[in-house]
1. Residue by residue through segment 39-56, note down the ones that are more than 20 Å from Lys122 (Cβ to Cβ) and either surrounded by 11 or more Cβ atoms within 10 Å (Cβ to Cβ) or touching a Leu at 6+ places or on another chain (Cβ under 6 Å) (or both).
2. Restricting to segment 106-139, name every residue that is surrounded by fewer than 19 Cβ atoms within 10 Å (Cβ to Cβ), among the small types (Gly, Ala, Ser) and closer than 16 Å to Ser64 by Cβ.
3. Would you mention how many residues in segment 57-73 are exposed (fewer than 14 other Cβ atoms within 10 Å of the Cβ) and either farther than 19 Å from Cys98 by Cβ or under 10 Å from the mean Cα position of the chain (by Cα) (or both)?
4. Report, by residue number, each residue of segment 13-38 that is under 14 Å from the mean Cα position of the chain (by Cα), crowded, with 17+ Cβ neighbours inside 10 Å, of a type outside the set (A, V, I, L, M, F, W, C) and more than 20 Å from Ser93 (Cα to Cα).
5. Tell me which of these Asn88 doesn't satisfy, since it passes every other one: (1) in contact with a helix residue (DSSP H, G or I) (Cβ under 8 Å, 6 or more places away or on another chain); (2) surrounded by fewer than 20 Cβ atoms within 10 Å (Cβ to Cβ); (3) closer than 18 Å to Tyr21 by Cβ.
6. Please enumerate the residues belonging to segment 122-140 that are within 15 Å of Leu42 (Cα to Cα) and not basic (Lys, Arg).
7. Are any residues in segment 74-94 under 15 Å from the mean Cα position of the chain (by Cα), among the polar types (S, T, N, Q) and not in a loop (DSSP other than H, G, I, E, B), and if so, which ones?
8. Among the numbered conditions (1) assigned to a helix (DSSP H, G or I); (2) within 21 Å of Val30 (Cβ to Cβ), tell me where Ser129 comes up short.
Amino acid sequence: MSFFNLFKNEKKKDIDYKKIYELLAIFTEVSLHMPLRINKDLLQDKNKYLVVFGYFFGAMDYISQNRNLDDINTIAIFTTYLSTTFTNNNYKSATELCILVMDLSQTVDGGRYMDAGGNTFKRWVKGESMAPIELHKLLKDKGV
């Protein structure tokens, strides 16, 4: 089964969470490729968290809604994703980041970046290979 088949006719209980993490990791890598080439310190700048992590929380939200995951599983998956991808497996830091992202997502801008991330992820899994460049555009538009 390919990664993209995760969204086709599977029952919730049959989800391979490892594949979800792998899919998110690939999406993250392609989304961050250009922004990190331009600014190597992007992920250390807390002023950019709203755009970057709102975008990735939107991708996770898309998965959650598409797979009908409950809040507990969604938060657990997102926290593990943050831990393995952004905090060098520091689960405490990942949990704090997850809480921050959830709070930021409740703002108008946070919701906009979340929507952009979810829509971009959706286009990407449907085969639009250039969709992840959207993060670069969001950062550029925000002037960061």
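The values are calculated or read from the model by the stated rules, or taken from the named source; none is laboratory data. Small disclaimer: the values here were computed from a predicted structure and weren't measured. Here the Cβ positions follow ideal geometry from the backbone for every residue, glycine too, while neighbour counts run over all protein chains shown.
1. Going residue by residue through segment 39-56, those that are more than 20 Å from Lys122 (Cβ to Cβ) are 39-50.
Matches in segment 39-56: Asn39, Leu42, Leu43, Asp45, Lys48, Tyr49, Leu50.
2. Listed by number, the list holds a single entry, Gly111.
3. First pass over segment 57-73, keeping only residues exposed (fewer than 14 other Cβ atoms within 10 Å of the Cβ): 65, 68, 70-72.
Checking which are either farther than 19 Å from Cys98 by Cβ or under 10 Å from the mean Cα position of the chain (by Cα) (or both) leaves us with 68.
Going through segment 57-73 one residue at a time, the tally reaches 1.
4. Ser31, the sole residue that qualifies.
5. Asn88 satisfies every listed condition except (1).
6. First, pick out the residues of segment 122-140 that are within 15 Å of Leu42 (Cα to Cα): 135-140.
Listed by number, the residues that qualify are Leu135, His136, Leu138, Leu139.
7. Taking segment 74-94 first, the residues under 15 Å from the mean Cα position of the chain (by Cα) are 74-87, 94.
Now narrow it down to the ones that are among the polar types (S, T, N, Q): 74, 79-80, 83-85, 87.
Those that are under 15 Å from the mean Cα position of the chain (by Cα), among the polar types (S, T, N, Q) and not in a loop (DSSP other than H, G, I, E, B): Thr74, Thr79, Thr80, Ser83, Thr84, Thr85.
8. Unmet condition: (1).
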